[in-house]
Structures are given as structure tokens and as C-alpha cells.
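Enquirer: Here it is, the structure in full.
The values are calculated or read from the model by the stated rules, or taken from the named source; none is laboratory data. If you're wondering where the values come from, they're calculated on a predicted model, not measured in any experiment. We place every Cβ from the backbone using ideal geometry, glycine too, and count neighbours over all the protein chains shown. These area figures cover heavy atoms from the full protein model, side chains too; ligands, DNA and RNA do not enter into them. Shrake-Rupley method; radii C 1.70, N 1.55, O 1.52, S 1.80 Å.
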Amino acid sequence: MEAYRYHDEKSDKFWRIEHDESAFAVNYGKTGTTGKYQIKEFDSTEECQKEVKKLIDSKKKKGYKPYPEFDSNNHYYFDDEEIGLHQLTSHPKFRAHFTSEFYYDCGDEEAPFGSDEGSDTLAQIAEDLRKNKTFNFTSFPKKLIEEYWDMTYLPAEDISHESIEQLVKTDEMNLTQSDMVTYATAFAQIKITGEVDAELKVLALNAMKRIEIVAELLKWNTTGKPSEISIKMINDLEQFIIKK
């Protein structure tokens, strides 16, 4: 990752670029803001590196100076809307800890952002965060479901088999929606900020465990055992260090 800054009497803006073997992400805007993100993908490493060098040289010619003070850990990461989920538009802590490919899968219903609920959760959080600096991740699932979607939020506080069995009989849809949004919110917080609130982490773990019990009760899984993705998500989140 390389960061640069242009500062004169009229403007103060940053520009940074980060790349892997076949893609780069640029992040730019007014200094002190999150800025915009754009991803560009290439067929080869050589093409990617060539374009990265070209862009850096261009910024230097325009007067941009190295910006070593740029704090990549205390920065928000948002996906390019046209490209979608991508490692380069995810917080470094998220990339380092959640290494399985399904975390960037937009089609797997079990993945944090692969379902419609998970995808909508991440998109709404990104939109709200840009507008509200006092955004509260822990209370967001309830807000999304009850205020935005006009449904009922059922927090994953009691995950006893008896309690879940009763909810499956009386309110299966709200139960499932609540759980999917809750764990998507926790993963979204880490993806965007690199941290997760302690209370939200507990609720998200409970939500994933509750979904497994629902799957067992409704016989969604013919094996009768939790899926590999579910086990991996629970283990990964359990081992992630909470926000202090």
C-alpha cells in the first residue's frame, strides 16, 4: 500500500493505492474522510504492476507527496459498488483473520454476505456509516429489521433448544431473518473497521448457533450435522479479538 497527499491553499486531499497479483484498489478523497474506492482487475500481474506504477508516477507529477502518516488501521473500508466484495476493499485485520474464499462469495446463502439479507445488511451499513459518525453496530440489526424492513427482530439471547423450537413454530421467518442480519452485521463491522463490539460478537455467535438448531429442527441439512462453512464462521469469529 502506498499513500500520497496533495496539500495547498485551496485543497487537501489524499490518494492511496494497494494491489495484489491481478488487481488494485485506489482510495481517494478529502484528507480526514473515508473517500471513494475503485477496483480495477487485470489478466496478468505484469499488467497490474505496470498500471500501478503509471498511476503513482502521474500523481507525483501532479504534486502529490508520500503520506506515511496515513493510518490504514483506523480507516473505513467500503467495496466498489460495481465490483462488489473484494479483499482489497476490506480492512487488513479482516483479510488476515478471515482467509476463506467464501467470505467474499456473493452467492452462497451461508456466507456472511452471500444471501440477500447479508448483502443488504452490508450495503445499508456502508450507506449509513457515511452519513452518521455515531453509528451503533450492536443496535443496527434491530434498526434494520424493524425500522427499514418493518419486521420483528428476535435477538439471539436465549439459544436453548426448547426456546428455538417454540419460535420455529410461531415465528420462523422473523427468527431466520434476525439471525442472518445479526451475524452479517458482526462480520460487516470487522470488514469495514477491523473491530467488533463485544456484545455484537456474542449475539452473532448465538445467531449462527441458533440457525444450526433451526436447520436441525427443519431438516434443512440431510447429514444432520452443521455445515463446514457454518463451523468455520463460528470458529473464526470466536477467535477474533474483540474491540476494547
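Enquirer: Could you sort 109-119, 184-194, 12-22 so that the peptide with the highest average Cβ count within 10 Å comes first and the rest follow in order? Could the numbers behind the result be given before it?
Expert: Working: 109-119: 20.0, 184-194: 25.5, 12-22: 16.9.
Going by the mean number of other Cβ atoms within 10 Å, highest first, we get 184-194, 109-119, 12-22.
Enquirer: Any chance you could check the Cα centroid distance between segment 167-234 and segment 113-138 for me, in angstrom?
Expert: Here the two parts' Cα centres lie 17 Å apart.
Enquirer: Just by accessible area at a 1.4 angstrom probe, what is the order of MET173, MET208 from largest to smallest?
Expert: MET173, MET208
Enquirer: Right, here's the next one. What does the helix-only formula give at 222 nm for the chain: each DSSP H stretch with n ≥ 4 adding -39500 (n - 2.57), the total divided by the residues, and the result rounded to the nearest 500 deg cm²/dmol?
Expert: Rounded to the nearest 500, the figure is -14500 deg cm²/dmol.
Enquirer: Let me ask something additional. Sorted by average packing, counted as other Cβ atoms within 10 angstrom per residue and highest first, what order do 152-158, 75-81 take? Write out the running numbers ahead of the final one.
Expert: Numbers: 152-158: 15.6, 75-81: 18.9.
By packing density, highest mean first, the sequence is 75-81, 152-158.
Enquirer: Let me spell out the model: positive unit charges on the Cβ of Lys and Arg, negative unit charges on the Cβ of Asp and Glu, origin at the Cα centre of the chain. What dipole size does that give, in debye rounded to 20?
Expert: Magnitude of the dipole: close to 1480 debye.
Enquirer: Could you order CYS48, CYS106 so the one with the most accessible surface comes first? Probe is 1.4 Å.
Expert: From most accessible down to least: CYS106, CYS48.
Enquirer: In the chain, with Lys and Arg counted as +1 and Asp and Glu as -1 at Cβ, which of these residues, HIS86, GLN38, ILE125, has the Cα nearest the positive end of the dipole, that is, farthest along it?
Expert: GLN38
Enquirer: Compute the whole-percent fraction of alpha carbon pairs in segment 101-187 spaced more than 14 Å apart.
Expert: Roughly 65 percent, once rounded to a whole number.
Enquirer: Now a separate question. If you place +1 on the Cβ of every Lys and Arg and -1 on the Cβ of every Asp and Glu, how big does the dipole about the Cα centre of segment 109-179 come out, in debye to the nearest 20?
Expert: It works out to roughly 540 debye.
Enquirer: Let me ask something else. Which FRET efficiency value, to the nearest 0.05, is calculated for ASP71 and THR152 with the Förster distance at 45 angstrom and r the Cβ-Cβ distance?
Expert: 0.65
Enquirer: Calculate the FRET efficiency for ILE56 and ALA23 from the Cβ-Cβ distance with a Förster distance of 22 Å, rounded to the nearest 0.05.
Expert: 0.90
Enquirer: Sticking with this one: Using a cut-off of 18 Å between alpha-carbon atoms, which lysines can reach LYS93, once sequence neighbours fewer than 8 places away in the same chain are excluded?
Expert: LYS191, LYS201, LYS232, LYS243, LYS244
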